[in-house]
Amino acid sequence: MGSHPRLPTPVNVGRVGAVIAVLAAVVAPIVATLWVSTPDVSDVQVRVAAVTRGHGVVMLKPDQVPDLLAKAVVATEDSRFYTHHGIDTVGQARAVLYDVTNRCFCEGGSTITQQLVKQLYLNGSDRGRDKVIDMVLALKVEQVLSKQQIMADYLSEIATGFGRYGVTEAACVYFKTSLGNLTLGQYALLAGVTQAPSVYDPTVNPSAAEQRRSDVLRDMVNERYITAAQAAAAELEPVLATNSQGGC
């Protein structure tokens, strides 16, 4: 008989606190040192503007981010986004414990703020020493930008498909309309694509994109942003729009 794949071992929630304590003891002295040697991030908005200009996409203002899109991103990427200060210690501890238990690098644990600074300051790297620098820079960014600005900056520059950046361009390509005119299902799909753009690009792999949309809708229900009935209705939407609705 063939062997069955081993299922991941669930994280023991009771051990998360201990992992947090260990991480704090190990990382805190390094963070203190790097706080002095890393950039002061006063140029973060300049960097976002340069990146979006280079990609030829719109740099969103906070009031241009649709509420449903922000909720979808938070639900699936960083559920404690509005309460942490750049680093989600609970999420990071769970990710470390999960990876150690399952002997893999399966969980990232990065916040939206960390993902933003990773692209702006670290050329997309979050391995080894860069991971700690990423944490330090995220803490600094949270001191100079509001949560709404961080969300807008993240959605302006994030990869959303093969050679595609920013949710504004993605809305036009995938749904043939402007970002503010999308449906719940479309916002959920956009939020899901950002996790792995080359995998979930609906123009390349619509079935994977549809499954990822389902995952995001489930997360939104779990976070009580939408009802189960709203999620079920969104599941019936087509993955891609076929007719232009204007606005692009």
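Before we move on, is E157 touching a residue at least 60 places away in the same chain (Cβ under 8 Å) and either in the same structural domain as T52 (by TED's automatic domain parsing) or not polar (S, T, N, Q) (or both)?
yes
Condition check ((1) in contact with a Gly (Cβ under 9 Å, 6 or more places away or on another chain); (2) assigned by TED's automatic domain parsing to the domain that holds R213; (3) at pLDDT below 90; (4) buried (at least 21 other Cβ atoms within 10 Å of the Cβ)) across all residues:
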| residue | (1), (2), (3), (4) |
| --- | --- |
| A75 | no, no, no, yes |
| V96 | yes, no, yes, no |
| K118 | yes, no, no, no |
| S125 | no, no, yes, no |
| D134 | no, no, no, yes |
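Any residue at all in segment 195-209 that is out of contact with any Ser or Thr (no Cβ under 8 Å at 6 or more places or on another chain) and closer than 19 Å to V65 by Cβ?
Among the residues of segment 195-209, not one is out of contact with any Ser or Thr (no Cβ under 8 Å at 6 or more places or on another chain) and closer than 19 Å to V65 by Cβ, which makes the answer no.
Name every residue in segment 189-235 that is in a loop (DSSP other than H, G, I, E, B), exposed (fewer than 15 other Cβ atoms within 10 Å of the Cβ), over 14 Å from the mean Cα position of the chain (by Cα) and without any contact (Cβ under 8 Å) to a residue 40 or more places away in the chain, in order of residue number.
Correct list: R224, T227.
Restricting to segment 172-188, give me the number of residues that are within 17 Å of the chain's Cα centre (by Cα) and of a type in the set (A, V, I, L, M, F, W, C).
The number of residues fulfilling the criteria is 1.
Scan segment 160-178 for residues that are in a helix (DSSP H, G or I) and in contact with a Cys (Cβ under 8 Å, 6 or more places away or on another chain) and jot them down.
A171, C172
The values are calculated or read from the model by the stated rules, or taken from the named source; none is laboratory data. The shown structure was predicted, so the numbers you read here are calculated from the model rather than taken from an experiment. Methodologically, a virtual Cβ is constructed for each residue, glycine included, from the backbone with ideal geometry; neighbour enumeration extends over all protein chains shown.
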